[in-house]
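Engineer: First the structure, then my questions, so here it is.
The values are calculated or read from the model by the stated rules, or taken from the named source; none is laboratory data. Everything quoted here is computed from the prediction, not taken from an experiment. Here the Cβ positions follow ideal geometry from the backbone for every residue, glycine too, while neighbour counts run over all protein chains shown. What goes into the accessible areas is simple: the full protein's heavy atoms, side chains included, and nothing from ligands, DNA or RNA. Shrake-Rupley method; radii C 1.70, N 1.55, O 1.52, S 1.80 Å.
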Amino acid sequence: MATLATPRFSFERPFGRRSDSVRRVRAAWISDVHLGTRGANAGALLDFLREYEFETLYVVGDLIDIWQLRRGIYWPQQHNDVIQKILRKSRKGTRVVYIPGNHDDLLAKFYGAYGNITVQKHAIHRLADGRRMLVTHGHELDAVVQNVKWLAFAGDVGYQFLLSLNPAINFVRRRFGLGYWSLSAYAKKRVKDAVSFIGRFEEEIVRYAQKFSVGAVLCGHIHSAAIRQFSDVTYYNCGDWVESCSALIEREDGTLELVNYHPFSAALVPPVKDRPAFNHEWTRMNTNP
């Protein structure tokens, strides 16, 4: 039986990168880009896609926000560039696995293989250390989305409104020499912490993953990047590209890391209790419970 390596993660700052340096990795996971909304950081995602080459790229739901597009069309060139970049990578040999979320659930009608791109409900990824990882968006375990759909839509409208206030708030903060602060993330954290939503969601995802006899599970959905150990199952959340601008990557040596591409990453804090410091160099954190 293979010895399991201690899971590690780091948040990498985007400063000081060489634009002509391409990093090759075994796999990468992105989630919750929400193209079609003004909050999507398409430019940051394009930087990530340009800098890395992947054997496999997992798009773990909500790449396109169909909910928002139904309310009104917003589709700048950068959003189109993201789609084109992913398609170009697939043509050049990257295996792309697309797992629909709740905001792009329309694509669940198109399960199947399309050249180097497959659309499927969930996936099993074999990590370099031999573990099997379940990859799923996570909305299946969200009782509000599944059982009270109108409330989920209403919550999304409120979240989009708070996101729209972030640029004005941070314009004022920069004038006073203050760092980035997200009203939407603050409100979301206060509300979800009040009902212990995130903690219960993580526990339910891990319990759900155990049915697949896996050693790890990765999801998105709640926009909270994290790596946590639950007994014999490691929980990974690759975050989002609205606020944290984070992705999970598996390097060729099997190291799993969260990388951060937010332009104000020094002001962002990973939503984990024991968090790594944001240094200009790589930082790693032991995540043993």
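Engineer: Putting +1 on Lys and Arg Cβ atoms and -1 on Asp and Glu Cβ atoms, find which of Pro100, Leu141, Gln120 reaches farthest to the positive end of the dipole of segment 60-146.
Structural biologist: Gln120
Engineer: Please arrange Ile64, Ile227 by accessible surface area, largest first, computed with a 1.4 Å probe and ligands excluded. Can you show the working numbers first?
Structural biologist: Details: Ile64 45, Ile227 5 Å².
I get Ile64, Ile227, largest accessible area first.
Engineer: Given the whole protein assembly as supplied and a 1.4 Å probe, what does the accessible area of Ile124 come to in Å², nearest 10?
Structural biologist: Per-residue accessible area (Ile124): approximately 70 Å².
Engineer: With every protein chain left in place, what is the accessible area of Arg88 in Å² (1.4 Å probe, nearest 10)?
Structural biologist: 90
Engineer: If r is the Cβ-Cβ distance from Glu53 to Phe176 and R0 is 51 Å, what FRET efficiency results, to the nearest 0.05? It would help to have the intermediate numbers written out before the result.
Structural biologist: On the way: r = 41 Å, r/R0 = 0.81.
After rounding to 0.05, the efficiency reads 0.80.
Engineer: Ranked by accessible surface with a 1.4 Å probe, highest first, in what order do Asp105, Asp32 come?
Structural biologist: Values: Asp105 55, Asp32 0 Å².
Final ranking, largest accessible area leading: Asp105, Asp32.
Engineer: Counting only C-alpha contacts under 8 Å and six or more residues apart, can you give the relative contact order of segment 65-142 as a whole percent? Could the numbers behind the result be given before it?
Structural biologist: Working: 77 pairs, mean separation 18.9, N = 78.
Dividing the mean separation by the residue count of segment 65-142 yields 24 percent.
Engineer: Enumerate the calculated ³J(HN,Hα) couplings along segment 208-214 in order (Karplus 6.51 cos²θ - 1.76 cosθ + 1.60, θ = phi - 60°), each rounded to whole Hz, writing x wherever the residue is Gly or Pro.
Structural biologist: Values, residue by residue: 5, 5, 4, 5, 9, 6, 10 Hz.
Engineer: What do you reckon, how do Arg38, Arg91 stack up by accessible area (1.4 Å probe), largest on top? Please list the in-between numbers first.
Structural biologist: Working: Arg38 190, Arg91 165 Å².
Result of the area sort, largest leading: Arg38, Arg91.
Engineer: Could you report the accessible area of His221 in Å², rounded to 10, computed with a 1.4 Å probe on the protein chains as they sit in the structure?
Structural biologist: Roll a 1.4 Å probe over it and His221 shows about 20 Å².
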